[in-house]
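Values in this text are rule-based calculations from the coordinates and carry no lab data. Just so it is clear, the model here is predicted, and its values are computed rather than measured.
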Amino acid sequence: MQTTDSIYTANMNEHQRAWFYAEYKRASKDETVGVLLALFLGGIGIHHFYLRRNTAGIVYLLLSWTGIPMVIAWIECFFMPSRVRQYNAAQAIYISNQILGTAAPQAASTTTHCPACNSPVESAAVYCTHCGAAITHTSLATQPAL
């Protein structure tokens, strides 16, 4: 988290920064745990429950008797590190916004769309709150408005 310290805690005082790190430590997930859960318990969807993707976890659990979720989970274990990083980035953004009291974007003039998932994001955002993709100002400028 030290490399991205300035992204999430730039406008915070020392007390807010300590609060942020305490909350982030509680909310963040570990990449290794995610990979191991997908590899060994992925057939029943535990790796999805780990990242709070309960709908996908329930689908895996309901279809676990077929064996198909286990095969898919073995493939998904290669994607788990990036999914965990995206989850952690979304958690960091949420915690930072809660601490700083930043409201969700209200007007269409202050929002743009993420180039990766096309979700609305604030024009000053560094990461997409939906998928965690990095937002660059050049990619937003060239993207057509919806």
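Points worth noting:
- Long-range HN-HN contacts of Tyr127 with modeled amide H, under 5 Å: Ile135
- Calculated from backbone phi, Karplus (6.51, -1.76, 1.60) coupling profile of the stretch 43-51 in Hz, x at Gly/Pro: x, 10, x, 4, 5, 6, 4, 4, 9
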